[in-house]
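Written below as structure tokens is the structure these notes are about.
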Amino acid sequence: MTEAMLAQARRAAPSQSFEGWTSHDGPPAIQGEKDGKTATEPLLKLVEEASKSGADGIIIGCFDDTALDEAAAISDCPVVGIGQASYHYAALRKKRFSVVTTLSVSVPIIEDNIRGMGLTKFVSKVRASEVPVLELDSDPKKASEIIKLEALRAQNLDEVSAIILGCAGMVEIYHEVEKKLSIETIDPVTCAARCWNWFN
């Protein structure tokens, strides 16, 4: 997944230089509050290391924006979450959006994050596809079909002009979803990679 995100970031912002770091001491996937808490300490160690190594910026590659505030507090460079970047991308373009994420346990976290950023007026609904994060990697075809159906429901029912894919692991099925929709499909990895121009 890290390699897929890294490849997408490089395609999205070819003028930038990206390195992909994986937190091997955290859970294999972040699904809900418990996983987020378990992931925080090793994630912050990587953030501290990246900051000290001279990084110009750091992207938290989890849609839950895990430990984003803590990471920003200890880093000498800007820290951006992929969820954060995608919400602001939509809001700056006056897009009303729904999020299609993985499991229901992530929905309250995402809703809290949007609320905390003051962007509630732009969101219609956070929808769970009930596709586990690791299934995006192990069975992308099945995961893609389920997520496409949920994205179509959001398009047809939520009165929105954009759908945000609510998991970094969805980067590889982005184009499959995009082809099914008549409204904009937003990839959070692309948003985070391109927002780096804001700081330069």
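The values are calculated or read from the model by the stated rules, or taken from the named source; none is laboratory data. Please read all numbers here as calculations on a predicted model, not as lab measurements. Because the Cβ atoms are built from the backbone with ideal geometry, glycine has one as well, and the counts that use them run over all protein chains shown.
Number of residues in segment 83-114 that are over 12 Å from the mean Cα position of the chain (by Cα), in a loop (DSSP other than H, G, I, E, B) and either buried (at least 18 other Cβ atoms within 10 Å of the Cβ) or among the charged types (D, E, K, R) (or both) equals 4.
If you go through segment 141-164 and keep only what is of a type in the set (G, A, S) and within 19 Å of H88 (Cα to Cα), you end up with S161, A162. Among the residues of segment 37-81, those that are in contact with a Leu (Cβ under 9 Å, 6 or more places away or on another chain) and in a helix (DSSP H, G or I) comprise E70, A71, I74. Determine whether segment 115-128 contains at least one residue that is of a type in the set (S, T, Y), without any contact (Cβ under 8 Å) to a residue 24 or more places away in the chain and in a helix (DSSP H, G or I). Yes, segment 115-128 has at least one match.
Selection within segment 32-56: residues that are crowded, with 20+ Cβ neighbours inside 10 Å and either touching a Pro at 6+ places or on another chain (Cβ under 7 Å) or charged (D, E, K, R) (or both). The member of this set that is modelled with the lowest pLDDT is D35.
Selection of first residues in segment 29-55 that are over 21 Å from T101 (Cα atoms) and of second residues that are of a type outside the set (D, E) and part of a helix (DSSP H, G or I), restricted to Cβ pairs under 6 Å at least 6 apart or on distinct chains, gives the following pairs, ordered by first then second residue: V47/A71; E48/I74. For segment 129-172, a tally of residues being outside any helix (DSSP H, G or I), farther than 15 Å from S104 by Cα and either in contact with a Cys (Cβ under 8 Å, 6 or more places away or on another chain) or free of Cβ contacts under 8 Å to residues at least 24 places away in the same chain (or both) returns 1. Residues in segment 162-176 that are out of contact with any Gly (no Cβ under 7 Å at 6 or more places or on another chain) and either surrounded by fewer than 17 Cβ atoms within 10 Å (Cβ to Cβ) or under 19 Å from G61 (Cβ atoms) (or both): I164, L165, G166, C167, G169, M170, V171, E172, I173, Y174, H175.
Among the residues of segment 1-41, those identified as among the basic types (K, R) and farther than 21 Å from S106 by Cα are R10, R11.
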